[in-house]
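J.: Here you go, one structure.
The values are calculated or read from the model by the stated rules, or taken from the named source; none is laboratory data. In this text the structure is predicted, and so the values were computed from the model without any measurement. Cβ: placed from backbone, ideal geometry, glycine included. Neighbour counts: every protein chain shown.
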Amino acid sequence: MKKGIIIVIIVVILAVIIGGIVLINSNNSSNNADAMQSETFIFKINGQEVKMGQNLLDLNLPETSNVYEAESCAFDGIEKTYTYDNYDITTCPENGVEKILNVYISHGEESTPEGIRVGDTVEDMKQAYGEDFKTADVSYIYTKGHTTLTFVTNGDVISSIEYSLIAD
Amino acid sequence: MKKGIKILKVLVIVILFIMLLSAVSRLVEPKYATELIEGHFISEYYNEEKNHEVIFIGDCEMYSNISPMELYKTEGITSFVRGTPQQLIWQSSAILEETLTYEKPKVVVLSVNCLKYDKPVSEAYNRLTIDKMKWSKQKVDIILSSMTEEESFLSYVFPLLRYHARWEELTQEDIKYLFDSKENTYNGYLMEKDIRPVENLPTKRELSNYQFGDICYTYLDKITKLCKDNNIELILVKAPSVYPYWYEEYDKQIENYVEKNGIRYINFLDIIAEIGIDYSKDTYDSGMHLNLTGARKLSVYFAKILKNDYNLTDFRDIANVSAIYKKKLEAYNKAVLEN
């Protein structure tokens, strides 16, 4: 009788430990998913909000014949970069959707919703986005939720702008 | 006596429980046999006869572009590509260290593409490199140095913690490869035969920072020292991939490094024409990686450099090795001919 009780206790303890760890793991996953939905930097194309991580196919974007496609090393499917006159959009496949990874703005015709464009000064950038940035070499990097907004500069002038989804 | 038997019984129950846990864990973890096959590359080395005079280490720029079978066919060189997707420099360092516990090659070739990354990229890439590694000090090192914030060491020890949700997605592959595995490379080379020419390339972006991270130099130093201590020639290479872009600023840093350390560096991007690569037909993904015809050209070109400059053995004349490679070549040549 005693033996049986000991065995049951051991099995229950092990099961509780394993179950507990699995549960913690599950909660972490759902917390991460919640975080993904939190505030992010938003770019606008033709009045449409473009959020990093969203499905590109939900947007009504202009046609472009310049689409660079390549097999993803780590995921099943094709990574794509859509090149437009003033910006590039890169996506990767995830759960059947084309998740937007980044938007790269290389020409002054396009501006951020806050009014900053290639050719503006670092001072203009600070007035629009504040001074809560990190610097890397010649870049200023702002972070919001799971996105970054990077301004690369040449001297005091912004030479490119990039919205990026921070990797999981 | 009775107490001893009781303890023994308890131990048996605990062992059975752990075995059951291991079996369930094995069932739910990815097999990397027919999907995400890159996750199995790391383990294909373990079953090998360890007679390689050249070891290639790095990311997809190694396992997609260099075919050891072509090195053997051309110059009788025995080699293996220990490549995994998005392999980071500290992973390359640990993989080299692990390799040296099995054998001592004459030459180690390291892809410099990894120097662009100074922190873990994603859990998905980590898993493809780490999951199928044999347990060793090096595996522990790789896990600890590669984990992203959301990952835990325990999830590598007990894959059930990470993959329990796959329970509902199990397929025939999970049953078929429960205690078996499927090799998808030829001495670490991933054969791709499709053709997708280079047409439109994306805009060449300005980067925030071109400087390789301190951690990259720390591990590059470690690799350099490891090779010097073991009397191994280290060659750094940049594969002839036209995208993602490789920057002048990167090249300058590598040239400075090799000059200081007396190492050879070959940037194959600079000699694409000399190698004979034609990007209208030698790539399967618009210039990111070479297809079979491209990999053959690069491998034959590199084989001559290795043979001429590094005093390597022609194993085609050595019976026990050529017997092994005869079988390997049969499988390789068959795959070459298959549609």
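J.: What number of residues within region A:108-153 are of a type outside the set (A, V, I, L, M, F, W, C), outside any loop (DSSP other than H, G, I, E, B) and within 14 Å of chain B (Cβ to nearest Cβ)? I'd like the intermediate steps shown before the answer.
T.: Of all residues in region A:108-153, those of a type outside the set (A, V, I, L, M, F, W, C) come to A:108-115, A:117, A:119-121, A:123-124, A:126-127, A:129-132, A:134-135, A:137, A:139-140, A:142-148, A:150, A:153.
Restricting the remaining residues to those that are outside any loop (DSSP other than H, G, I, E, B) gives A:111, A:117, A:121, A:123-124, A:126-127, A:129, A:134-135, A:139-140, A:142-144, A:147-148, A:150, A:153.
Cutting the leftovers down to within 14 Å of chain B (Cβ to nearest Cβ) gives us A:134-135, A:139-140, A:142-143, A:148, A:150, A:153.
Of the residues in that region, 9 qualify.
J.: Within the bounds of region B:142-156, is there any residue that is crowded, with 19+ Cβ neighbours inside 10 Å and over 30 Å from B:GLN253 (Cβ atoms)?
T.: Yes, there is a match, as at least one residue in region B:142-156 is crowded, with 19+ Cβ neighbours inside 10 Å and over 30 Å from B:GLN253 (Cβ atoms).
J.: Further question on the same structure: Report yes if some residue within region B:314-326 is aromatic (Phe, Trp, Tyr) and assigned to a strand (DSSP E or B); otherwise report no.
T.: If we filter region B:314-326 for residues that are aromatic (Phe, Trp, Tyr), which is where we start, we get B:315, B:325.
Imposing the further condition that a residue be assigned to a strand (DSSP E or B) reduces the set to none.
Taking every residue of region B:314-326 in turn, none turns out to be aromatic (Phe, Trp, Tyr) and assigned to a strand (DSSP E or B).
J.: Given the criteria of a type in the set (Ser, Thr, Tyr), within 29 Å of B:ASN209 (Cα to Cα) and buried (at least 19 other Cβ atoms within 10 Å of the Cβ), does B:TYR257 qualify? Walk me through it before giving the result.
T.: On the way: of a type in the set (Ser, Thr, Tyr): yes; within 29 Å of B:ASN209 (Cα to Cα): yes; buried (at least 19 other Cβ atoms within 10 Å of the Cβ): yes.
Considered against the rule, which asks whether it is of a type in the set (Ser, Thr, Tyr), within 29 Å of B:ASN209 (Cα to Cα) and buried (at least 19 other Cβ atoms within 10 Å of the Cβ), B:TYR257 comes out as yes.
J.: Is it the case that some residue within region B:62-74 is closer than 19 Å to B:CYS227 by Cα and either within 14 Å of chain A (Cβ to nearest Cβ) or among the aliphatic types (A, V, I, L, M) (or both)?
T.: In the first step, residues of region B:62-74 are kept if they are closer than 19 Å to B:CYS227 by Cα; the result is B:62.
Restricting the remaining residues to those that are either within 14 Å of chain A (Cβ to nearest Cβ) or among the aliphatic types (A, V, I, L, M) (or both) gives B:62.
Scanning region B:62-74, I find at least one residue that is closer than 19 Å to B:CYS227 by Cα and either within 14 Å of chain A (Cβ to nearest Cβ) or among the aliphatic types (A, V, I, L, M) (or both), so the answer is yes.
J.: Quick one: which of B:LEU154, B:LEU128, B:LEU160 is modelled with pLDDT under 90 and either farther than 13 Å from B:LEU27 by Cα or touching a Leu at 6+ places or on another chain (Cβ under 8 Å) (or both)? Break it down into steps so the answer makes sense when it comes.
T.: On the way: B:LEU154 fails: modelled with pLDDT under 90; B:LEU128 fails: modelled with pLDDT under 90.
The unique qualifying residue is B:LEU160.
J.: At pLDDT 60 or above, closer than 30 Å to B:PRO244 by Cα, among the hydroxyl-bearing types (Ser, Thr, Tyr) and surrounded by fewer than 17 Cβ atoms within 10 Å (Cβ to Cβ), is that true of A:THR64?
T.: Values: at pLDDT 60 or above: yes; closer than 30 Å to B:PRO244 by Cα: yes; among the hydroxyl-bearing types (Ser, Thr, Tyr): yes; surrounded by fewer than 17 Cβ atoms within 10 Å (Cβ to Cβ): yes.
Yes, satisfied.
J.: Look at region B:117-138 and say how many of its residues are part of a helix (DSSP H, G or I) and either within 13 Å of another protein chain (Cβ to nearest Cβ) or surrounded by 18 or more Cβ atoms within 10 Å (Cβ to Cβ) (or both). Walk me through it before giving the result.
T.: The initial filter retains those residues of region B:117-138 that are part of a helix (DSSP H, G or I), namely B:123-130, B:137-138.
With the extra rule that they be either within 13 Å of another protein chain (Cβ to nearest Cβ) or surrounded by 18 or more Cβ atoms within 10 Å (Cβ to Cβ) (or both), the set shrinks to B:123-130, B:138.
Result for region B:117-138: 9.
J.: A follow-up question, please. Examine region B:51-62 for a residue that is modelled with pLDDT of 90 or more, within 30 Å of B:ASP314 (Cα to Cα), touching a Leu at 6+ places or on another chain (Cβ under 7 Å) and assigned to a helix (DSSP H, G or I), and state whether such a residue exists.
T.: Looking only at region B:51-62, we keep the residues that are modelled with pLDDT of 90 or more, and these are B:51-62.
So of that shortlist, the ones also within 30 Å of B:ASP314 (Cα to Cα) come out as B:51-62.
Then keep just the ones that are touching a Leu at 6+ places or on another chain (Cβ under 7 Å); that gives B:53-54, B:57-58.
Checking the rest, the ones that are also assigned to a helix (DSSP H, G or I) come to none.
For region B:51-62, residues modelled with pLDDT of 90 or more, within 30 Å of B:ASP314 (Cα to Cα), touching a Leu at 6+ places or on another chain (Cβ under 7 Å) and assigned to a helix (DSSP H, G or I): absent.
J.: Could I ask something else about it? For region B:211-221, how many residues meet the condition of being assigned to a loop (DSSP other than H, G, I, E, B) and surrounded by fewer than 16 Cβ atoms within 10 Å (Cβ to Cβ)? Working first, answer last.
T.: The first filter runs over region B:211-221 and keeps only residues assigned to a loop (DSSP other than H, G, I, E, B), leaving B:211-213.
Now narrow it down to the ones that are surrounded by fewer than 16 Cβ atoms within 10 Å (Cβ to Cβ): B:211, B:213.
Count: 2.
J.: Here is a further query. Listed residues A:THR112, A:THR121, A:THR148, A:THR91; which is of a type outside the set (Lys, Arg), touching a residue at least 60 places away in the same chain (Cβ under 8 Å), more than 16 Å from B:SER208 (Cβ to Cβ) and assigned by TED's automatic domain parsing to the domain that holds A:LEU57? Outline the logic, then answer.
T.: Numbers: A:THR121 fails: touching a residue at least 60 places away in the same chain (Cβ under 8 Å); A:THR148 fails: more than 16 Å from B:SER208 (Cβ to Cβ); A:THR91 fails: touching a residue at least 60 places away in the same chain (Cβ under 8 Å).
Residue meeting the stated conditions: A:THR112.
J.: Given the conditions (1) touching a helix residue (DSSP H, G or I) at 6+ places or on another chain (Cβ under 9 Å); (2) in a loop (DSSP other than H, G, I, E, B); (3) acidic (Asp, Glu), and given that B:GLU274 satisfies all but one, which numbered condition is not satisfied?
T.: Every listed condition holds for B:GLU274 apart from (2).
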